[in-house]
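The structure under discussion is supplied below as C-alpha cells; questions concerning it will follow.
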Amino acid sequence: MDPITANIIDPSIANTLMFLAVIFGFYMAWNIGANDVANAMATSVGSGALTLRRAVIIAAVLEFAGAYFAGASVSNTIRKGIVDPDVFAGEPTLFVCGMLASLLAAGTWLFIASYFGWPVSTTHSIVGAILGFGAVYAGIQAIYWGKVGTIAASWVVSPVLSGTISYFIFNFIMRKIFHNPRPVEAARRFTPYIVFIVFTILSMVLVMKGLKHRLKGVDLALWEALLIAGGIGLIAAIISVFLVRRIDVEDADGEAEENDARQLYLSRALHRARKHLGRAKSMSSGNVEDEVQQMLNKVEMLSASMEQESTSPSSPRSSVWKVERIFIYLQVISAGFVAFAHGSNDVANAIGPMAAAWETIKEGVVGTKAPVSGWFLALGGIAIAIGLATWGWRVMKTVGKKITELTPTRGFSAEFGAATTIVLASWLALPISTTHTLVGAVLGVGLARGIGALNLRTVRDVAVSWIVTIPAGAGLAILFYYVLAGIFT
C-alpha cells in the first residue's frame, strides 16, 4: 500500500468499521446483481430464449466465475480517479467513513432504481457517491471535473454506438434471411459466417474486458488478440456447419412454408410502398396530399401488422420458427459472454471501496491502491448472484419487454451489438457503460422496425434515471457521510 499518512484508526471502532465495510460491500454487490446483471440477461428472457430461472442460473454461474477468476487483484481506492487522494491525508477514519457512505449510497440508489425497473449504471452510481463525499470533505476543487465530463459523455457514446450496430445487424438478418423466399435455407447458409463473427467478437470481449486483469503480465498486441479470437471463431464456425445441417428443412409443412414466404415478401413490398407514398406526399398539395396521407396511414397500419406476423413464429413447423430456434442458441451464448465480462469488471464497484476501507482500517493509512483478496471477490460474486435471483426480475422486465418487443433474432442483435461496442470502445479508449450499451442496443433493434415499435414513455423514464444517477449517488453519499462521521469521529 502507498502510505500517505501514518495516523492510526482508533482500535475501539476498528472492528465495527470492518464489519460495516463487509456488510455495505455485500449490499452494493447485491444491488449490482439486481440491476446491472439483469440487463445482461434481460434480452434472453424477454425474447423467450431463456426462462427466468435458467437465466438466473446461467448468469449466477458466469458472473461469479468472472468475478472470482478474472476479477481485479488490485482496485483503485479513489474510484476512477474522481477525487485527488492527497486530500485525505491525516484523516484515515473520515476516509473510511466516506468509502462506507459511498457503498451505502450507491447501493441505496441502485435499490430504488431496481424497484422502479430502471436500468442504471452501477459505475456511475459509485462514482457519483465518491464525488459527493469527496466534494463535502475537500471542496469541489479536489474533484477531477474532466474525468466527470468524460463519464457524462458515455451517456451518449454508449447507447448511440451500440444502437447503431444493433440496427444494422438486425436489418442484415431481415434482408438476408427473413426476406428470402426460403428463410431456413438462407439461415443455414449464413449461420456459419455469423457464428464466426460472433465468436471472434465475443472472444475479444473476453480477452480485452473479461480477462485483462489476469493477463497483465502478458503484453498482447491487438493483432495477437484478434488472431486468437479469430481462431476461436473459425473453430466455432466449422462446428456450426455440422450443427445447422441437423435442422430439418424437408419436413416443413409446405403450405405453412409458402404462407411464410408470402407474408415476408408482402411485408417487404409494403415497406417500399410506404417510402414511395412518403415521397409522393412531400411533392403533393391540397386534396391530393390529403388522399395520399390517407393511403399512407392505411399502408402503415397494414405494414405494421404484416411485420409482426412475418417475424413471429406461428407454429413449430413454420420456417420463421426454425430460424428463430437457431438464434436462440446464439443469443444465449452472447449473453453468457457479456455476463462473464461484466462479473470480472463491475464487481470492483462494490469490492473496490470495500477493500479500500478494509485495508485502511487494518494498516491505519490511506493508500491510492488496495489489494483485493480472493474472499472479497468470492463475496462479491455470491452477492451479485443473490441480487439477480431475488430482485433482478424488475429490471429484466423493463429491458426485455417494456422498451420494445423482442424475439430471439432481435435479442441476439441487441446482445451482439452490445458486445461489439464493448470491444470497439476498449480498443478506442471510449468511455462506455455496460448498462447504457445494452439499453442502447435494444433501442437500435426497436428503431429498425420503426419508431412506433418503441415504448417512448419507458425510454423517457430510463433516460431521466441515467441523468439523475450521479447527483442521486452524490446526495445520498453526503447524507450518509455526515451520519457515519458523526458516529465514529
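Could you run the Karplus curve 6.51 cos²θ - 1.76 cosθ + 1.60 with θ = phi - 60° over region 407-422 and give me ³J(HN,Hα) per residue in whole Hz, x for Gly and Pro?
Listing the rounded values in order: 10, x, 5, 5, x, 4, 4, 5, 5, 5, x, 5, 4, 5, 5, 4 Hz.
Something else about it: Using a Förster distance of 45 angstrom, determine the FRET efficiency expected from the C-beta separation of THR16 and VAL156, and round it to 0.05.
The pair THR16/VAL156 has a calculated efficiency of 0.55.
Quote to one decimal, in nm, the extra length available between ARG54 and ASP84 on full extension: 0.36 nm per residue of separation minus the C-alpha distance between them.
Between ARG54 and ASP84, full extension yields 6.4 nm more.
Taking neighbour Cβ counts within 10 Å as the exposure measure, how do HIS436, HIS276 sort from fewest upward?
HIS276, HIS436
Less than 14 Å Cβ to Cβ from SER465, Lys/Arg counted +1 and Asp/Glu -1: what total charge do the surrounding residues give? Could you put the intermediate results ahead of the total?
Working: positive: ARG394, LYS402, ARG457, ARG460; negative: ASP36, ASP461.
The answer is +2.
For TYR144 and ALA273, FRET efficiency with R0 = 56 Å and r from the beta-carbon atoms, rounded to 0.05?
0.55
Read the figures in this text as sums done on the coordinates, not as results from a lab. Since the structure is predicted, the reported quantities are computational estimates derived from the model, not experimental observations. We place every Cβ from the backbone using ideal geometry, glycine too, and count neighbours over all the protein chains shown.
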